[in-house]
Amino acid sequence: MTTATDLVERIWERDPTVWTGGDEAQWLGWLDEPLRMQEQLDSVLRFADELTDVETVVVLGMGGSSLAPEVIRRTFGTSWLRVLDTTHPTAIRRLEAELDLERTLFVSASKSGTTLETRSHTDYFLRKGGRFVAVTDPGSELERFANDHGFLAVFHGEPTIGGRYSALSPFGIVPAALAGVDVRALLDSATEMRDACRGQANPGFELGQRLGAGWREGRDKVCIDAVPGGFGLWAEQLIAESTGKLGKGLVPAPGEPPDGPDRQRGEVHDDLGSEFFRWEFAVAVAGSILGINPFDQPDVQAAKDRTSEVLAGGGVQLEPESSVEELLARAREGDYVAVQAFIDPAREPELEPLLERARRETGCVVTHGLGPRYLHSTGQLHKGGPNTVLCLQVVDDPGDELPIPGRKFGFARLIRAQAAGDYESLKERGRRVARVRLEEV
């Protein structure tokens, strides 16, 4: 029988048999990233100090490239850091109108360098003006693009780190440094937690063991503490994409009450740097208990492929299908509701009555995500996890088309295709789904 000490030692020894014995050892660079990032920090800070005429930093990224910067922005109240991770034309137009492009620095962030949303945002704003840097893995298509188009700098990610484990890498630290956050203190606290996660009193192991034990007992909904910085927005990707596969999974539910037979509390402490590492280690431990590979995402590509098919097929219509009443009536004990809203993010508060209704009528945990953001976060869980999800897609009118330079489609058609593609992918997997218009709920 494996002891706690044995398991921790095997993780630090990069032993893939902790999980499935697959390629896990190739994705454990996050274990050392706080130290590696500290070594690179002086050059990042020198670059940031030279940008004396920049008043706004805008991150163009999705999933692991956007969620950590967004949580950092909220936690530290850095008003001049912005994150764009929607393809909704209204939101893009609004952001553009709020920017002084001559005093804006865009951070184009994509590990692969091919992320459709990020490349589309980059092409759009590059045509408009402003200055750019890239954060991407070495040798990526985005790096070549950046060099060809006069980007001020390219910051390399670590290839042995997956996106959802990249908060303490350049994908989280570079935007934070450019926005004036004390990243040295952030990394110092992460390094202290890293040291603690090697010892006997191991906060990361203890959290991971609780998460895994709760899952074994049927308490698979992790009700993450609601904190001012919105930590759950980042943690839900880490949990859902890491554990939601092979019909298993922990269901992250930020802000939901933890009292209930299928729920457990996900406790969040104050120090953001240490919490990033503690939760990364914990989810790796929980993945061992679930018997899955926490570092792959086998079902994410399905929605992307479906989106490409829809885009190739021409026009996209998002007609209502079924109804809120019919979907919620299908709820069973132990299910959860996922409201998937392909809407202007400024309208997110309008979802609250719908979320409350779902809680009231089903008694289930209710989660929600904005599309296409959630496709890079909880989407893996919805398709690859247990079939306990009721998916309610909510759409609005994206408005007039907003062209994307070099593409045969614009942002309005893209967001409709992303909604349609994911909806079809969920139906293919036998998920219970419905689609409604925001104005009608």
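Summary table
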| read-out | value |
| --- | --- |
| Residues satisfying the stated conditions in the range 1-31, i.e. under 23 Å from the mean Cα position of the chain (by Cα) and in contact (Cβ under 8 Å) with a residue 12 or more places away in the chain | Trp19, Asp23, Glu24, Gln26, Trp27, Leu28, Gly29, Trp30, Leu31 |
| Test: residue in the range 215-229 that is part of a helix (DSSP H, G or I), modelled with pLDDT of 95 or more and either open to solvent by less than 10 Å² (accessible area, probe 1.4 Å) or of a type in the set (A, V, I, L, M, F, W, C) (or both) | yes |
| Close pairs from the range 267-291: first open to solvent by less than 30 Å² (accessible area, probe 1.4 Å), partner among the basic types (Lys, Arg), Cβ under 7 Å, at least 6 apart | Phe277/Arg194; Leu290/Lys248 |
| Candidate set from the range 48-60 (those that are of a type outside the set (A, V, I, L, M) and touching an Asp or Glu at 6+ places or on another chain (Cβ under 9 Å)); member that is most open to solvent (accessible area, probe 1.4 Å) | Glu55 |
| Residues of the range 250-266 classified as touching a residue at least 40 places away in the same chain (Cβ under 8 Å) and farther than 12 Å from Phe231 by Cα, total | 9 |
| Filter result for Ala4 (aliphatic (A, V, I, L, M) and open to solvent by 40 Å² or more (accessible area, probe 1.4 Å)) | yes |
| Some residue of the range 239-247 being assigned to a strand (DSSP E or B) and open to solvent by less than 20 Å² (accessible area, probe 1.4 Å) | no |
| Hits in the range 13-47 - residues which are open to solvent by less than 20 Å² (accessible area, probe 1.4 Å) and assigned to a helix (DSSP H, G or I) | Val18, Glu24, Gly29, Trp30, Leu31, Glu33, Pro34, Met37, Leu41, Val44 |
| Every residue from the range 247-279 that is among the aliphatic types (A, V, I, L, M) and out of contact with any helix residue (DSSP H, G or I) (no Cβ under 7 Å at 6 or more places or on another chain) | Ala253 |
| Tally, over the range 66-86, of residues that are assigned to a helix (DSSP H, G or I) and either open to solvent by 10 Å² or more (accessible area, probe 1.4 Å) or at pLDDT below 95 (or both) | 5 |
| Residues located in the range 300-318, provided they are open to solvent by less than 30 Å² (accessible area, probe 1.4 Å), under 21 Å from the mean Cα position of the chain (by Cα) and not small (Gly, Ala, Ser) | Val300, Thr307 |
| Subset of the range 157-169 [farther than 18 Å from Val283 by Cα and either at pLDDT below 95 or crowded, with 24+ Cβ neighbours inside 10 Å (or both)] | Gly157 |
| Residue that is farthest from Ala412 (Cα to Cα) [pool: residues in the range 93-113 that are open to solvent by less than 40 Å² (accessible area, probe 1.4 Å) and part of a loop (DSSP other than H, G, I, E, B)] | Lys111 |
| Subset of the range 318-328 (residues that are in contact with a helix residue (DSSP H, G or I) (Cβ under 8 Å, 6 or more places away or on another chain) and in a loop (DSSP other than H, G, I, E, B)) | Leu318, Pro320 |
| Filtered residue count, the range 129-155, keeping only those that are modelled with pLDDT under 95 and either buried (at least 22 other Cβ atoms within 10 Å of the Cβ) or assigned to a helix (DSSP H, G or I) (or both) | 0 |
| Residues being open to solvent by less than 10 Å² (accessible area, probe 1.4 Å) and in contact with a Lys or Arg (Cβ under 8 Å, 6 or more places away or on another chain) - total across the range 345-373 | 2 |
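The values are calculated or read from the model by the stated rules, or taken from the named source; none is laboratory data. Everything numeric in this text was worked out from a predicted model, so none of it was measured. For neighbour counting, all protein chains shown are included, and Cβ atoms are generated from backbone atoms with ideal geometry for every residue, glycine included. Ligands, DNA and RNA are stripped out before the accessible areas are found, and what is left, the full protein with its side chains, is counted by its heavy atoms. Shrake-Rupley method; radii C 1.70, N 1.55, O 1.52, S 1.80 Å.
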